[in-house]
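Trainee: Pasting a structure here, questions to come.
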């Protein structure tokens, strides 16, 4: 145990390690969807949210994908320009649109899903190989616990 006034070794500091891991996973994942489709991170997150839920609002994309409304707006505009997304005005609130993937957007999403699943599986397999037979080292369960501890079971924890 260290004393509270000891200097922090950044490479051992949990928040830093998690941020570094998240950044590297995001960087490697970006190569998967950027290679064929030149998507940005916000565009991918918006596409993924629409692929998962079908019809949502821009606000719902922001909440689900933990993105600021400016990034959501730019991502939506880019997807719409590619004709991957269309919008229908909300008759109850004319300031809001219901967004959904077009046929082309759905095809793109469906092309990406197997590649992204393979990426996810590769990480999980490498984790399992590295962890060995230790049952206490279950990646998914560990992440579940961390999310509960941090209060981000649903949404961004904000």
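Nothing in this text is a laboratory measurement; each read-out follows from the coordinates by a stated rule. Just so it is clear, the structure is predicted and the values come from calculations on it, not from any experiment. No Cβ is skipped: glycine too gets one built from the backbone with ideal geometry, and neighbour counts run over all protein chains shown.
Trainee: If I filter the range 50-106 down to residues being in a helix (DSSP H, G or I), out of contact with any strand residue (DSSP E or B) (no Cβ under 7 Å at 6 or more places or on another chain) and touching a residue at least 60 places away in the same chain (Cβ under 8 Å), which single residue comes out as surrounded by the fewest Cβ atoms within 10 Å (Cβ to Cβ)?
Mentor: Once the filter is applied, the top-ranked residue is 63.
Trainee: A follow-up question, please. Only one of (1) farther than 28 Å from residue 147 by Cβ; (2) within 18 Å of the chain's Cα centre (by Cα) fails for residue 109. Which number is that?
Mentor: Here residue 109 clears every test but (1).
Trainee: Which residue, of 47, 39, is touching a strand residue (DSSP E or B) at 6+ places or on another chain (Cβ under 9 Å), surrounded by 12 or more Cβ atoms within 10 Å (Cβ to Cβ) and within 20 Å of residue 85 (Cβ to Cβ)?
Mentor: Values: 39 fails: touching a strand residue (DSSP E or B) at 6+ places or on another chain (Cβ under 9 Å).
After applying the criteria, what remains is 47.
Trainee: Given the criteria surrounded by 10 or more Cβ atoms within 10 Å (Cβ to Cβ) and within 13 Å of the chain's Cα centre (by Cα), does residue 27 qualify? Lay out the reasoning, then the answer.
Mentor: Numbers: surrounded by 10 or more Cβ atoms within 10 Å (Cβ to Cβ): yes; within 13 Å of the chain's Cα centre (by Cα): yes.
In short, yes.
Trainee: Filter the range 13-45 for residues that are closer than 15 Å to residue 107 by Cα and assigned to a helix (DSSP H, G or I) and give the result.
Mentor: Taking the range 13-45 as the starting set, the residues that turn out to be closer than 15 Å to residue 107 by Cα are 33, 36-37, 39, 44.
Answer for the range 13-45, where residues must be closer than 15 Å to residue 107 by Cα and assigned to a helix (DSSP H, G or I): 33, 36, 37, 44.
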